[in-house]
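First the structure, in the form of structure tokens, and then the observations on it.
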Amino acid sequence: MIIKPSISVLSSDRVEARIDLDLFCRSYSDAPESLALEGAVAFSPLINSHDHLIGNWFPRAGDKRPYHNSHIWVEDMKSSFSFQERNQFWFNDGSFDLSVPHALVLAQLGCYKSLFGGAATVQDHGPNQAPLYYDSMPISVLKDYRQCHSITMENWWGGESPEAEMQLSAGKIPYIIHLGEGTDNVTRAEFSELTRRKLLQANTLLIHGIAFTEDELRQIAAAKASVCWCPTSNYYLIGETLKVEAALQAGVNVCIGTDSTMSGGINLISEFILAHEKFPALPLSTLYKMASENGAKALMLPPRYGFLQPDRTENMLLMDLVDRDPFRTLLAAEAENIRLLVRDGIPLFGDSQWLEWLDVDMEKYSTFRTGSREKFVIGDPQELNDRIDAVLGYHKDFPYLPF
Ligand SMILES: [Zn+2]
């Protein structure tokens, strides 16, 4: 099926008007051969390069902000209202086995945060889980990675030693670690400890980096490593953020993530909005690049996940063009504006009218209304919310769900 959106963003520096995209979905029925889509813009689906899926509870935690470093918060947040309320639904016994039923519900719900913000891939930072966990998720959750919580707290939540984890990555999959999430001596010392232990490699993905100096950013660029920027979480917890302009100038591969809603934004769109407010000189196309090609590179995904492919468009985020500038459209986007989100030829979310043409098994989808439009979505997020409500005994509102 050929579609012709008003604008197609092939990459952050290549924008085309009215070109043909060969939309490749698994199956069709009665679909027109070609379809002009006036007032629509096609992007590559966004990539959320940092989250903790089970942590997408609400409201944010942090009664003693700003913290000098996030390690203080990790302890402090355990007495927060959010953490205590979540305990009623899923109590973390310390094993971090997230394949148990209630943890799975939370993680699935956490995926919808990304999905309703236009992302079809998310990196879920925590100890590696059983295959069942990744296979149960409504969007793609990065399965091939190794990790460490942080250089200061090491793998308190499970996993091998920092060095053993790097060895297990064999340089072929990302090695993910929180680093420099603060402004004090503890977090400032983390980078040199990382390099001393030979953990700064081309497959290293450093999360946050608030404490990084310009010299350290140059070392990261030279190592061809990546940094994930989480603006909302940084400003909320610490009051400062990564020196993002210096990082880009040094040539660091900077990607972007939400972190969990216990500290971060409600989706990547809200991260774009805050990033633009704090760094108005940063081109909006650069923010998109962080959430597309840079994210694919950091997560070591095939390049097709970072660019829109006109000849075989099996990964696409199709939205209402709400501004003449397609990148400005991203700042105004809401779930209602997403016309269709497809990953690997599987429709994940979109306007229900697509169901006439996409031959999908409706057992695997649900529908709802948002604004004036009827939407379909893979799985049933309302049912997940209901299961939480049934345990709590009242309705729990998650602001990233559009119903
Ligand atoms: Zn994190």
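The values are calculated or read from the model by the stated rules, or taken from the named source; none is laboratory data. Just so you know, these numbers come straight off a predicted model, no measurement behind them. A quick note on method: Cβ atoms are made from the backbone with ideal geometry, for glycine too, and the neighbour counts reach across all protein chains shown.
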- Within the set of pairs 6+ apart or on separate chains, which have a first residue in segment 119-144 that is without any contact (Cβ under 8 Å) to a residue 12 or more places away in the chain, a second that is outside any loop (DSSP other than H, G, I, E, B) and not small (G, A, S), and C-beta atoms under 9 Å apart? Y134/D124; Y134/V141
- Can you tell me which residue among V9, V105 is surrounded by 24 or more Cβ atoms within 10 Å (Cβ to Cβ) and away from the ligand (no atom under 16 Å from the Cβ)? V9
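Across segment 235-276, what is the total count of residues that are farther than 20 Å from I220 by Cβ and either in contact with a helix residue (DSSP H, G or I) (Cβ under 9 Å, 6 or more places away or on another chain) or within 16 Å of the ligand (Cβ to nearest atom) (or both)? Explain how you work it out, then say what you get.
Filtering segment 235-276 down to residues farther than 20 Å from I220 by Cβ leaves 235-237, 239, 258, 260-274, 276.
The next check asks that each one be either in contact with a helix residue (DSSP H, G or I) (Cβ under 9 Å, 6 or more places away or on another chain) or within 16 Å of the ligand (Cβ to nearest atom) (or both); those that pass are 235-237, 258, 260-274, 276.
The number of residues fulfilling the criteria is 20.
Could you please find all residues in segment 358-369 being in contact (Cβ under 8 Å) with a residue 24 or more places away in the chain and crowded, with 16+ Cβ neighbours inside 10 Å?
Keep residues of segment 358-369 that are in contact (Cβ under 8 Å) with a residue 24 or more places away in the chain, which gives 358-360, 368-369.
Matches in segment 358-369: L358, V360, F368.
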- For L401, are the conditions met, namely being closer than 26 Å to D259 by Cα and assigned by TED's automatic domain parsing to the domain that holds S6? no
- Query: Is it true that some residue in segment 37-55 is within 16 Å of the ligand (Cβ to nearest atom), assigned by TED's automatic domain parsing to the domain that holds T187, assigned to a loop (DSSP other than H, G, I, E, B) and under 23 Å from the mean Cα position of the chain (by Cα)?
  - Reply: yes
- Query: Picking from L330, L318, which residue would you name as being of a type outside the set (S, T, N, Q) and either surrounded by fewer than 21 Cβ atoms within 10 Å (Cβ to Cβ) or not in a helix (DSSP H, G or I) (or both)?
  - Reply: L318
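Here's the yes/no breakdown for (1) modelled with pLDDT under 95; (2) surrounded by fewer than 23 Cβ atoms within 10 Å (Cβ to Cβ); (3) not charged (D, E, K, R):
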| site | (1), (2), (3) |
| --- | --- |
| G126 | no, yes, yes |
| D144 | no, yes, no |
| Q147 | no, no, yes |
| G159 | no, yes, yes |
| A170 | no, yes, yes |
| G182 | no, no, yes |
- Message: Given the criterion at pLDDT 95 or above and either surrounded by fewer than 16 Cβ atoms within 10 Å (Cβ to Cβ) or over 24 Å from the mean Cα position of the chain (by Cα) (or both), identify the matching residue among I72, I3.
- Response: I3
- Message: Of everything in segment 195-216, what is out of contact with any Phe, Trp or Tyr (no Cβ under 9 Å at 6 or more places or on another chain) and away from the ligand (no atom under 16 Å from the Cβ)? Give them in sequence order.
- Response: T195, R196, R197, K198, A202, E214, D215
- Would you tally the residues in segment 217-234 being aliphatic (A, V, I, L, M), part of a strand (DSSP E or B) and away from the ligand (no atom under 14 Å from the Cβ)? 0
